[in-house]
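Structure record follows, encoded as structure tokens.
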């Protein structure tokens, strides 16, 4: 195999085009077999094999610098830059990382940023009077993000080398949305010759490559732009998922996949358990039948709303990869008596902080935001879901709720859509739990005391309420009958209940499935700081935990039940 002798980019330089094509086929087989076993970004990487080979063949990495937007399409890049064995053995991350290789310059997992980062590298190069090529690679789906336009605008004004490779596979995670894609379509259909050209209007020279999975054509194009002294866009048309029939025809399904069987195409260890995506869609579909003003919005992650978008297509909006825009349009729609429900992943809501504060909260418009994949979990450091409570709960006017069970989640959805006083954020749990009894009605900023006890009070937030129940049962073995509280709200405190605890409690512990710094527990600690009662906060440390097993994280964060109970007993003795 040719791949056996390819360890670094320099090993490509002596190969002819036929051997480069053979290498591409070998890498494609490797990717298909590896990702089917481990899971990962499937379609984006299969479509970028030829482009990556051609880039490394023509340019001189790491002197010439490549910045891959999102960097979820860097598998071939890793294989060619000294990380082949680490990639095969699942020892390197799925995203670029300068901690792994001199051929990477940034840790990147959120989209629409490569052009801005490339512009920064251009300025740094020019200040230092160097002359390397700076190449920013961005997908057409990522162009919907506002920062991509900011980068394009500033990059087009440079008077020096800057190469932007636009990988146009006519897809984001799902279908692209937005009028800019009309121009990309015109450019594709005219072989890059149509009168109106987005990139030329922003100051770029322009080169179109129709066969973006043809190594020979790509090499020729990259040679033309190498060492340019001006900004240039190389617009390449590629096939997402190339080389695996199912991923070519079902591009959205195979954008990212869990491990699956190559013969049966079935997911390995597929769970048939009830999940909150289905619960949410069922709720919204039923609600939409009665509420003509209900609208569901997502930002480039339509899989969160698949059943809803097919059954209620006239009430579904996918704004593309543009979380800022999603929050702003939801706020403006809510101001006009529409009931928008925005569904986002916790990691991505960070991208819309200013809109949450300025466009939504200041105007106090009653939009509803549902956050998925929130909490402590094994995740890439770019996709951690522990920051949302500190990020959002401290913005005035926003009501932030954390349900503990399916039934309570539905009650919170009802509450959110039936009120028109405040914007509401609901942190959707990961695992479905059912309520053991009747769910009390939601009353603004009122905690629920589930079990009354003395000496110790356990306040368990959202999914960590269930850890609180385990701690309570364990404490009984030491003759400690604790109080158990479900706070429901993390944006405000129930001061009456907290004051009442001071009468017969020595210690309050908080359990939250998120970051301790700036989180809910710190609100409790601050309130009790001048009172004769101790507080212990349990949650995540401030760190970027990269693909660490959940059991290890719980151990590191002292979140095992025995650890919590021991801490409680130690503090009661003091």
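Taken together, the values in this text are just the output of simple stated rules run on the coordinates, not laboratory data. Not measured: the values here are computed from a predicted model. Glycine also receives a Cβ, built like all others from the backbone with ideal geometry; neighbour counts cover every protein chain displayed.
Numbers at a glance
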read-out	value
Whole-angstrom gap from segment 339-378 to segment 161-220, using each part's C-alpha centre	32
Spacing of the two label points (7 Å from each Cα toward its C-beta) at residue 149 and residue 183, in nm	1.0
Using a Förster distance of 30 Å, the FRET efficiency for residue 217-residue 270 (Cβ separation, nearest 0.05)	0.15
Label assignment, Rg/Rh (Cα atoms, Kirkwood Rh) derived from the structure, set (i) 1.06; (ii) 1.19; (iii) 1.01	(iii)
Pair residue 261, residue 60: separation of 7 Å Cα→Cβ label points (nm)	5.2
Nearest-0.05 FRET efficiency for residue 7 and residue 421, computed from C-beta distance (R0 51 Å)	0.25
Rounded Å value of the spacing that divides the Cα centres of segment 276-328 and segment 484-529	34
Helix-only mean residue ellipticity at 222 nm for the chain, each DSSP H run of n ≥ 4 adding -39500 (n - 2.57), per residue, nearest 500	-10000 deg cm²/dmol
Alpha carbon Rg of segment 1-121, scaled by the compact-globule rule 2.2 N^0.38 Å	0.99
Residue order, fewest to most beta carbons within 10 Å, for 432, 58, 552, 164	552, 432, 58, 164
Potential extension, residue 563-residue 282 segment - 0.36 nm per residue separation minus Cα distance	97.3 nm
Fully extended contour minus Cα-Cα distance, from residue 303 to residue 496, at 0.36 nm per residue	65.3 nm
Gain upon complete extension [residue 446, residue 193; 0.36 nm per residue less C-alpha separation]	84.8 nm
Gyration tensor over alpha-carbon atoms, segment 2-252, equivalent ellipsoid semi-axes in Å	26, 21, 17
Under 17 Å from the residue 529 label point (7 Å along Cα→beta-carbon), backbone N, segment 381-418	394
Angle between the chain longest axis and helix 465-476 axis [Cα atoms, degrees, rounded to 10]	40
Per-pair calculated FRET efficiency, R0 = 41 Å: residue 230 and residue 407 via Cβ, rounded to 0.05	0.10
